[in-house]
Amino acid sequence: MRTDLTVNGQSRTIEADPRTTLLDALRHHLKLTGTKKGCDHGQCGACTVIAGGRRINSCLSLACMHDGDEVVTIEGLGTPETLSALQEAFVRHDGFQCGFCTPGQICSATAMLEELQAGWPSHVTADVASAPALTVEEVSERMSGNLCRCSAYPNIVDAIMEIAGRGRA
């Protein structure tokens, strides 16, 4: 099945079985290996990408469902030479240990900061009628779908809080 995507700002076309996940399309068809296959069940968040402006677990989504969509992977957020502000903050705060979950963490945090800025409430938002407050609890709740086996959570939250305080990812 032919699927047309805009991936990291580039028009891309893949020919793949309609059962091919977005994760496998990115890794195997487009050779974008920054997005990781962790649990392959949508429970760890290692495969998080931004599709249509929202963070998703790419292992749970078929590539053909995103025909015509814009998809952003970790490779689209920054390069080794020009890191995004959030990537720089992860480095500064040592927001990774082994690094396996880091691409999903950064993609998720990038979209999560946009959700927070747009005023989307979370489960821990005290007053859903007003803008959510930037708190450790709020950030932790919003990032709870991304697991880190090395337990770098405090450093991840510190990196996100730093960037959220600046208002840009």
Quiz item: In this structure, does Ala164 turn out to be modelled with pLDDT under 95, part of a helix (DSSP H, G or I) and either crowded, with 16+ Cβ neighbours inside 10 Å or in the same structural domain as Thr13 (by TED's automatic domain parsing) (or both)?
Solution: yes
Exercise. Please work out if Cys44 is of a type outside the set (A, V, I, L, M), within 22 Å of Ile156 (Cβ to Cβ) and more than 16 Å from the chain's Cα centre (by Cα).
Key: no
Quiz item: Given the conditions (1) free of Cβ contacts under 8 Å to residues at least 24 places away in the same chain; (2) touching a Gly at 6+ places or on another chain (Cβ under 6 Å), which single one is not true for Tyr153?
Solution: (2)
Quiz prompt | In the range 111-169, the residues that are within 23 Å of Asp40 (Cα to Cα) and either among the basic types (Lys, Arg) or touching a Pro at 6+ places or on another chain (Cβ under 7 Å) (or both) | solution = Arg142, Arg149
Quiz prompt | Ile14 modelled with pLDDT of 95 or more, farther than 19 Å from Ala109 by Cβ and either among the polar types (S, T, N, Q) or not assigned by TED's automatic domain parsing to the domain that holds Ser108 (or both) | solution = yes
Quiz item: Looking only at the range 97-124, which residues are outside any loop (DSSP other than H, G, I, E, B) and surrounded by fewer than 16 Cβ atoms within 10 Å (Cβ to Cβ)?
Solution: Glu114, Gln117
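The values are calculated or read from the model by the stated rules, or taken from the named source; none is laboratory data. The structure presented is a predicted model; accordingly, all values stated were derived computationally and were not measured. Ideal geometry is used to build each Cβ from the backbone, glycine not excepted, and the neighbour counts take in all protein chains shown.
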